[in-house]
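The values are calculated or read from the model by the stated rules, or taken from the named source; none is laboratory data. Note that the coordinates shown come from a computational prediction; the quantities given were computed from them, not determined experimentally. Please note: Cβ atoms are built from the backbone with ideal geometry, for glycine as well, and neighbour counts cover all protein chains shown.
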Amino acid sequence: MKKTVSLTLATLVATAVIGCATTMAPTSMRGADVMTADKAPALKQYSEKTPGVGTPQLIARNYPTQPPMVPHNIEKYVPLTVEENACMDCHQTEEIRGQKIPQIGVSHYSKTVKAKDGKPVLEMSRFQCDSCHVPQADAPPLVESRFVGLSK
């Protein structure tokens, strides 16, 4: 028993001494010292396009269930509330000013509640459009990538 305990203690001490002696300081993958503060990226400008003006350009999706991205600036339409939702003004109809625009998906409407005129009502958990549908900044990728999204 004494021999086993002594051997175990000797192994632990040797491991601790050798392990501490060979441990190198951590190095960062970004090349800077680990303790250096990160630099915030520069602010990116969102598209200045105005909805319904010019030729609409839809942004390609990267995966099948990705929510569509917003190809125009949304600053004057937020904050979105249950009482005031500017997205609904345009995206509940098929066409505005002669242009076809994406409609709100059927998954966003209540399956049980209908308006007085019989039309579907927006599901209350879906009124905050900018939680999933975000405007696209015109910015280069942060890292090199060979990723190819969906193609139509």
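Let me confirm something: among 67, 71, 79, which residue is in contact with a Cys (Cβ under 8 Å, 6 or more places away or on another chain) and modelled with pLDDT of 75 or more? Testing whether each residue is in contact with a Cys (Cβ under 8 Å, 6 or more places away or on another chain) and modelled with pLDDT of 75 or more leaves just 67.
Would you say residue 17 is more than 30 Å from residue 150 (Cβ to Cβ), in a helix (DSSP H, G or I) and at pLDDT 70 or above?
On the way: more than 30 Å from residue 150 (Cβ to Cβ): yes; in a helix (DSSP H, G or I): yes; at pLDDT 70 or above: yes.
So residue 17 passes the test.
Residues that are surrounded by 10 or more Cβ atoms within 10 Å (Cβ to Cβ) and assigned to a loop (DSSP other than H, G, I, E, B) were ranked within the range 118-137; the one that is modelled with the lowest pLDDT is 136.
The number of residues in the range 138-152 being small (Gly, Ala, Ser) and either exposed (fewer than 10 other Cβ atoms within 10 Å of the Cβ) or touching a strand residue (DSSP E or B) at 6+ places or on another chain (Cβ under 8 Å) (or both) comes to 2.
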